[in-house]
Amino acid sequence: MKQPALAYQQLNCILAGVDEAGRGPLAGPVIAAAVILDSGNPIAGVMDSKLLTEARREKLALEIRAKSLAWGIGRAEIDEIERLNILYASMLAMQRAVMALAVEPELVVVDGNRCPDLQYRVEAIVKGDRLIPAISAASILAKVTRDREMIELDSAYPGYGFARHKGYPTRQHIQALQELGVSAIHRRSYAPVRRLLESHPHESGNTIA
């Protein structure tokens, strides 16, 4: 019996891989990417973005954009994360990434165990970012895109350390939240942020909305 990953790679169809970055952070948007690789123009070293250094991800992201048949980026903003919850906001970002593709896929494969609502055939693959090259490529593109945005937001919201931790709940980030308050790009429904707001209901951060 063929392994599922091998079976997908041998399919003779236009295959789009989809992944997201940014479910866990306390701040910033969730970003998704969709990638249709070109079998005639392979990209060496594509793998799960979490297994790559930042420099390697940046280099591969350039290659993915240059060599893929198509790629698209989708996002869900802070207000959408708060209104929908992070799971459904991630699905929305994935939908938008697929819709941004310049080439229509015949099959969409998504990292994880949930599928966004799409007009195309779509299947979820647990640990797909380690098994399917197109999903690995999407994971790299989503991660690089989001990291760059968080670096830009570091200038707009100084003191929180977004350029270093990208919004994830590090000790430094929690300490900055306690000292500076909650900014406009923080996810107020997330427990560490919510607890801070509940314990200091009248205290405003330097950028709180």
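The values are calculated or read from the model by the stated rules, or taken from the named source; none is laboratory data. Remember, it's a predicted structure, so these values are computed and weren't measured experimentally. So basically every Cβ, Gly included, is an ideal-geometry build from the backbone, and we count neighbours across all protein chains shown.
For residues that are of a type in the set (V, I, T) and either crowded, with 20+ Cβ neighbours inside 10 Å or free of Cβ contacts under 8 Å to residues at least 40 places away in the same chain (or both), scanning just region 80-115, find the one that is farthest from P133 (Cα to Cα). Among residues in region 80-115 that are of a type in the set (V, I, T) and either crowded, with 20+ Cβ neighbours inside 10 Å or free of Cβ contacts under 8 Å to residues at least 40 places away in the same chain (or both), the one farthest from P133 (Cα to Cα) is I81.
Entry remark, region 61-115: residues being over 24 Å from A44 (Cα atoms) and assigned to a strand (DSSP E or B) number 3 in total.
The number of residues in region 167-204 being of a type in the set (G, A, S) and part of a helix (DSSP H, G or I) comes to 3. Only one entry in A76, A7, A34 is closer than 20 Å to V109 by Cβ, modelled with pLDDT of 95 or more and not charged (D, E, K, R), namely A34. Among the numbered conditions (1) out of contact with any Gly (no Cβ under 8 Å at 6 or more places or on another chain); (2) in a strand (DSSP E or B); (3) in contact (Cβ under 8 Å) with a residue 60 or more places away in the chain, the only one that E123 does not meet is (3).
Determine which member of the set R148, R164, R56 is part of a helix (DSSP H, G or I), modelled with pLDDT of 95 or more, surrounded by fewer than 24 Cβ atoms within 10 Å (Cβ to Cβ) and not assigned by TED's automatic domain parsing to the domain that holds G17.
R164
Quick check on R23: is it closer than 30 Å to R171 by Cβ, surrounded by fewer than 16 Cβ atoms within 10 Å (Cβ to Cβ), at pLDDT 95 or above and not assigned by TED's automatic domain parsing to the domain that holds R194? For R23, the condition - closer than 30 Å to R171 by Cβ, surrounded by fewer than 16 Cβ atoms within 10 Å (Cβ to Cβ), at pLDDT 95 or above and not assigned by TED's automatic domain parsing to the domain that holds R194 - is met. Can you work out which of the residues in region 147-164 that are in contact (Cβ under 8 Å) with a residue 40 or more places away in the chain and touching a helix residue (DSSP H, G or I) at 6+ places or on another chain (Cβ under 8 Å) is nearest to R57 (Cα to Cα)? Among those residues, the one meeting the criterion is D147.
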